[in-house]
Amino acid sequence: MKAANSTAFADDVRLSFVTSLYQQRGTLFAGMIAHVVTAMAVYLRINDPFYLYAALSLFVVWVIRNIDMMAFDRLPKAEFKLADTLHWEKRYVIGSFITCSILGTMCGHALVVAQDPFAELVTVSVTLASMISVVGRNFGSKLNVDMIVLAACLPITAGLTMAADPFMILMAFLLLPLFLTTRSMANGVRDFLFNAVTAERKASEIAERFDTALNNMSHGLFMLDGDGRIEVANRKARDFFNIDANADLSGRILKAALRLGTRNGVIARENFSQINEHLDRLISGREDRSLVRLDKNSWLEFSARHRGEKGVVLIFEDVSARIQSEKRILHMARFDNLTGLPNRSWFKDVVAAKIAKARPDQQLALAVLDIDDFKHVNDTMGHVSGDKLLSAIANRLRSLSRQKFVISRFGGDEFVLFLPDVEDLADLNRTMDHVIDTLRGTYMIDGHKLFISLSGGASMAPVAGAQIEELHIQADLALYEAKRRDKNRWTLFEESMNQLYTERQRMKSDLREAIRTNAMDLFYQPMFNLQGKRIAGAEALSRWNHPQLGPISPAVYIPLAEEMGIIADLTRCVIDKAAQECATWPDNLFVSVNLSAFDLGDRAIISVISDALDRNNLAPERLQLEITESSLMNDLETARVILTELRAMGLSIAIDDFGTGYSSLSYLDMLPLNKVKIDRSFVRNLATDDRKLKLLRGVVHLARELGLEVVVEGVETEAQLVMIRENHCADLIQGFIFGTPMPRGAFSELAAKLSEQGRQPVVGSAEARRLVGPAKSTL
């Protein structure tokens, strides 16, 4: 590529030299006049017609050469190639060669034929003068120089030699150095100019490229001399400061450009002095890089490259977008995306800073707030509405004094307040009551009125020795106590709560170990046919008998398992043990197991169930899965896909607590169900409330129209059972009237006893209760 560029340069310069041959025709015309006058003078002096013909020839050649030059003028030089340049160079050389040949012939004729002193003197003088002129005019073509010297030299040398005079012959030899010197001078001038023009054009192209690169930089640039005056300012620099392209900045101090930027509205006037200080530090070498703020939303980042005594180069770029992005990233790192409140990490930093500034005798407090029954909002209205409620509560929190609180959302529906300066317990009571009263009330969410209450826990401590993590734990314990006391209140931490916390942590550890070692027990509540004649199956209910604490209520350890994230392990344990024990029952009995919301969101449950069936050789139709409407709220589509695959395996799918959720009827159509378990709320007061009976009959009729088997839960009295039988409102009955949840052995004994006796249908439930035993509540 470099060689190609050099050749292009040489061709361009050669064309310019050839073009110079065709210019300055006045010189050519003057030469023609001198030549013709010389020939005519000799003719008139010696009356030799040869010189008359020579004069005429010189004139004719001049005319032809002028015509040729005008033709050359009309040609588009930009389209010339090297061959074109050489062609027109040769045409010019032919013309000059003919002219010099005529002049040389005139000299030779004067020396050999005329032998007239005047003729010899005049012709030789004019010819030598014309030959020497090649240095000034015809140097542009080496071929032209050689032809002119040759055309002039040979005839004169030949004439002097043919004179047969030793002195003339000596002169002939002495003319040779003149000819060679003239040729060398012409070639030297040409080579010098060629190199000079080539260098100039290369420098011009380099300068053009530099200027193009400089003005197409994505960065702005100011080049300053040793006195701090502008030498170069590229286009981007002018654009940054909105400076007119025609404004001459050369020799002006940098502050002048900043003033123009201020005048043009690019730089805020209040920032001018600060910007000037930043740039002074860069120019003086005290800094190498500086971030400069032009106005509220515009930032430039300058970097300096010092050139010693020659000055400095300032390069800068617009980093406004980067600064804004960094601000957004920083905001995202520090604040909750949903509510805009400080997140856990930033909250800790702010609190630590406030504690560091606090007086040693100062009291501080930390409070944790939690929305009562927030899960119910998500389950019934969806998570989008739940998020809107969180944002609305956050807005009310912001309405409180920011000077008094540091507010944060730690996740979910948990809000944390830090009170850096609390006078005493009475002051904390007033503040927390005010907070709870402010947040409690009606919220309009998606057109629905929601009455929301909150529970809270607070902990107070002196600044000296205060640990935020410890305060947070204490506030959490107080919150737990407030929720235990019917919610909608706040509670101050007391030392006795530490014991409860320790016991809770120990219970978590013990629960994890019980699930890991498969130490959880199963109780079974039987499901009878409508007549109470036989058992169709049983619902498996997990039970935990703690080694030290005794029986633990499922209402305690199941939420604990969900909190710990081990609910899936508990489900696996229950499914495996239920399948194992059901395999020992008569073949006509099934076992029913409850699935949690977590189970229905993870396809792993499919392999858990399949492995349990294979491991215990249990037919799929003997395992029934119960799901609640609340467990479907998180991801209905995923749950539907999982249940469809399980149903295809042959398992029975029942919807539990039917009628208590938000969209029960839609689930009957969307899910692959084959059984409905009607909630106990439909049975309560059934014997005394006609509306309850009509509602129950309507639900049962709908289920049977859809081909679904009906199980009625919570049947506890003889009157309820009679009403259900008389109205044919159930296929199976589950309730305390026939049996409470019982251990595996008791259930197996009951099932075997009924199977052996082959009893006739009983009219009431008394006989069934006799077989089952006394109904008592068992955890």
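The values are calculated or read from the model by the stated rules, or taken from the named source; none is laboratory data. If you're wondering where the values come from, they're calculated on a predicted model, not measured in any experiment. Reconstructed Cβ throughout: ideal geometry from the backbone, glycine too, with neighbour counts over all protein chains shown. Quick note on the areas: whole protein, heavy atoms, side chains included, nothing else; ligands and nucleic acids left out. Shrake-Rupley method; radii C 1.70, N 1.55, O 1.52, S 1.80 Å.
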(request) Working from Cα positions, state the angle (0 to 90°, nearest 10) between the long axis of helix 567-582 and the longest principal axis of the chain. (result) 50
(request) Would you tally the net charge around ILE275, using a Cβ to Cβ cut-off of less than 12 Å, leaving ILE275 out, and scoring K and R as +1, D and E as -1? (result) +1
(request) Please give the per residue accessible area of the chain, computed with a probe of 1.4 Å over protein heavy atoms only, in Å². (result) 50
(message) Quick check for me: using +1 on Lys/Arg Cβ and -1 on Asp/Glu Cβ, what's the dipole size of the range 436-573 about its Cα centre, in debye to the nearest 20?
(response) 640
(request) Just tell me the longest site-free run in the chain, where the sites are GluC sites (Glu not before Pro) in a DSSP loop having at most 14 other beta-carbon atoms within 10 Å. (result) 1-422
(request) State, to one decimal in nm, how far the label point of PHE173 lies from the label point of ARG209, with both points 7 Å from Cα in the Cβ direction. (result) 5.6
(request) Any chance you could run the full-extension gain for LEU86 through ASP248? It's 0.36 nm times the residue separation minus the Cα-Cα distance, nm to one decimal. (result) 53.8 nm
(message) Charges on Cβ only, +1 for Lys and Arg, -1 for Asp and Glu, centred on the Cα centroid of the chain; of GLY159, PHE173, PHE415, which one is farthest towards the dipole's positive end?
(response) GLY159
(request) Calculate, in nm to one decimal, what ASP611 and VAL384 gain on full extension: separation in residues at 0.36 nm each, minus their alpha carbon distance. (result) 78.0 nm
(request) May I ask you to list the trypsin sites (Lys or Arg not before Pro) in the range 484-527 that are in a DSSP loop and have at most 12 other Cβ atoms within 10 Å of their Cβ? (result) ARG485
(request) Using only Cα atoms, find the angle between the long axis of helix 425-439 and the longest principal axis of the chain, and express it within 0 to 90 degrees, rounded to the nearest 10. (result) 80
(message) So if I place +1 on the C-beta of Lys and Arg and -1 on the C-beta of Asp and Glu, and nothing else carries charge, what would the dipole magnitude of the chain be about its Cα centre? I want it in debye, nearest 20.
(response) 1480
(request) With a cut-off of 17 Å, note down the residues of the range 484-528 whose backbone N falls inside the zone around a label point 7 Å from the Cα of ALA555 toward its beta carbon. (result) 484-488
(request) Figure the gain on full extension for GLU749 and THR660 (residue separation times 0.36 nm, minus the Cα-Cα span) and round it to one decimal in nm. (result) 28.6 nm
(message) Between HIS448 and VAL319, what's the calculated FRET efficiency when r is the beta-carbon distance and R0 is 45 Å? Round to 0.05.
(response) 0.45
(message) Can you compute the modelled spin-label distance between ALA333 and ARG269, with each label point 7 Å from Cα toward Cβ, in nm?
(response) 3.8
(message) With just the Cα atoms defining each centre, how far is the range 666-682 from the range 501-563? Give it in Å.
(response) 25
(message) Taking all protein chains in place and a 1.4 Å probe, what share, in percent, of the accessible surface of the range 208-352 do carbon and sulfur account for?
(response) 47
(message) Out of all Cα-Cα pairs in the range 535-671, roughly what percent, to the nearest whole number, are more than 18 Å apart?
(response) 56
(request) Arrange the residues PHE240, PHE598 by how much accessible surface each exposes, largest first, with a 1.4 angstrom probe. (result) PHE598, PHE240
(message) Using only Cα atoms and rounding to the nearest 10 degrees, what angle (0 to 90) does helix 468-484 make with the longest principal axis of the chain?
(response) 40
(message) Based on alpha-carbon atoms only, what is the radius of gyration of the chain relative to the globular estimate 2.2 N^0.38 Å?
(response) 1.98
